1. State whether the residues of the range 99-109 include one that is more than 22 Å from Ser182 (Cα to Cα), without any contact (Cβ under 8 Å) to a residue 12 or more places away in the chain, part of a helix (DSSP H, G or I) and small (Gly, Ala, Ser).
2. Checking the structure you have, find out if any residue of the range 2-19 is open to solvent by 10 Å² or more (accessible area, probe 1.4 Å), over 27 Å from Ala214 (Cα atoms) and part of a helix (DSSP H, G or I).
3. Any residue at all in the range 108-123 that's in contact with a His (Cβ under 9 Å, 6 or more places away or on another chain) and open to solvent by 10 Å² or more (accessible area, probe 1.4 Å)?
4. Which one of these does Leu22 not meet: (1) more than 14 Å from the ligand (Cβ to nearest atom); (2) closer than 24 Å to Ile111 by Cα; (3) assigned to a loop (DSSP other than H, G, I, E, B)?
5. Working only within the range 124-155, note down all residues that are in a loop (DSSP other than H, G, I, E, B) and open to solvent by less than 50 Å² (accessible area, probe 1.4 Å).
6. Criterion first (under 25 Å from Arg211 (Cα atoms), out of contact with any strand residue (DSSP E or B) (no Cβ under 9 Å at 6 or more places or on another chain) and among the basic types (Lys, Arg)) does Arg172 satisfy it?
7. Among all residue pairs at least 6 apart or on different chains, which show Cβ distances below 8 Å where the first residue, located in the range 50-71, is touching a residue at least 12 places away in the same chain (Cβ under 8 Å) and the second is acidic (Asp, Glu) and near the ligand (Cβ under 10 Å from one of its atoms)?
8. Return the residue satisfying two criteria in turn: it lies in the range 28-63 and is more than 15 Å from the ligand (Cβ to nearest atom) and of a type in the set (A, V, I, L, M), and of such residues it is nearest to Tyr207 (Cα to Cα).
Amino acid sequence: MTDLILWGRASSANLQKARWALEETGASFELREVGGRFGGLDTPEFGALNPNRLVPVLQHGELTVWESHAVVRYVAAAFGGTELWPEAPKDRAAIDQWTDWTATTFQPAWIRLFWLLVRTAPEKHDRSAIAAALEETVAALRMMDRQLDKTDHLASDGFSYADIVAGVSLYRLTTMEIELPSLPGIEAWHGRLKQRAAFDKTVCISYEELRARAVP
Ligand SMILES: N[C@@H](CCC(=O)N[C@@H](CS)C(=O)NCC(=O)O)C(=O)O
């Protein structure tokens, strides 16, 4: 029995951030599947947990937190020791900077690309919108690549929660039907993340249940 409950579906990229962070810490938690094919986001009970009616949501005893980056930050602070979010303000600055940039710039681009390519039926594909989203995604990846030329991980040489919020994109970006340019820094970083059991368990999972099918 645990007082730590994560609400969401395993195929959600935002849920994957919270689940990956929890797995990194070794904290014992229960995953309660809601959203997508599980439904349950429109109930009064779920609305009381998250008025925004999206996943993930984390409950820890009396505390309820929603918004994936706030959840990951709480997990890092509460269970992550000094690895995921070191205490020194100067270390935190770079981690928070890449995290906010992921929320405002990188994720909107790569998620839009995922929706246009995977969550939209092939006969409805908008080639120019796909090209624009790909260009924006690649521009963001190039920025990360330049950083990852200098450091082993996004915010510094050490792994941090910034690698989690940005790194959940990698399985999808490398398995979608797109051509990416050569990005040696990103490839080396991806290789490092693949060595983490928690990345493999929570991120490298099929998203086929999300694929829009052609209308027969
Ligand atoms: N800004 C929110 C976005 C959350 C979000 O968009 N969640 C999606 C899944 S990735 C969701 O709940 N979709 C409805 C569903 O799964 O039914 C966060 O970072 O937590």
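1. no
2. Checking the range 2-19: at least one residue is open to solvent by 10 Å² or more (accessible area, probe 1.4 Å), over 27 Å from Ala214 (Cα atoms) and part of a helix (DSSP H, G or I).
3. The initial filter retains those residues of the range 108-123 that are in contact with a His (Cβ under 9 Å, 6 or more places away or on another chain), namely 116-117.
Next cut, open to solvent by 10 Å² or more (accessible area, probe 1.4 Å) only: 116-117.
Yes: one or more hits.
4. (3)
5. At the first step, the residues of the range 124-155 found to be in a loop (DSSP other than H, G, I, E, B) are 125-126, 149-155.
Passing the criteria: Thr151, His153, Leu154, Ala155.
6. Values: under 25 Å from Arg211 (Cα atoms): yes; out of contact with any strand residue (DSSP E or B) (no Cβ under 9 Å at 6 or more places or on another chain): yes; among the basic types (Lys, Arg): yes.
So Arg172 passes the test.
7. Cβ pairs passing all conditions: Asn52/Glu67; Arg53/Asp42.
8. Of the residues in the range 28-63, the ones more than 15 Å from the ligand (Cβ to nearest atom) are 28-30, 44-45, 48, 60-63.
Still in the running and of a type in the set (A, V, I, L, M): 48, 63.
Values: Ala48: 28, Leu63: 30 Å.
Of everything passing the filter in the range 28-63, Ala48 is nearest to Tyr207 (Cα to Cα).
The values are calculated or read from the model by the stated rules, or taken from the named source; none is laboratory data. All values derive from a computational prediction rather than experimental measurement. As a convention, Cβ positions derive from the backbone with ideal geometry for all residues, glycine included, and neighbour counts pool all protein chains shown. Areas reflect the complete protein model, heavy atoms only, side chains present, ligands, DNA and RNA absent. Shrake-Rupley method; radii C 1.70, N 1.55, O 1.52, S 1.80 Å.
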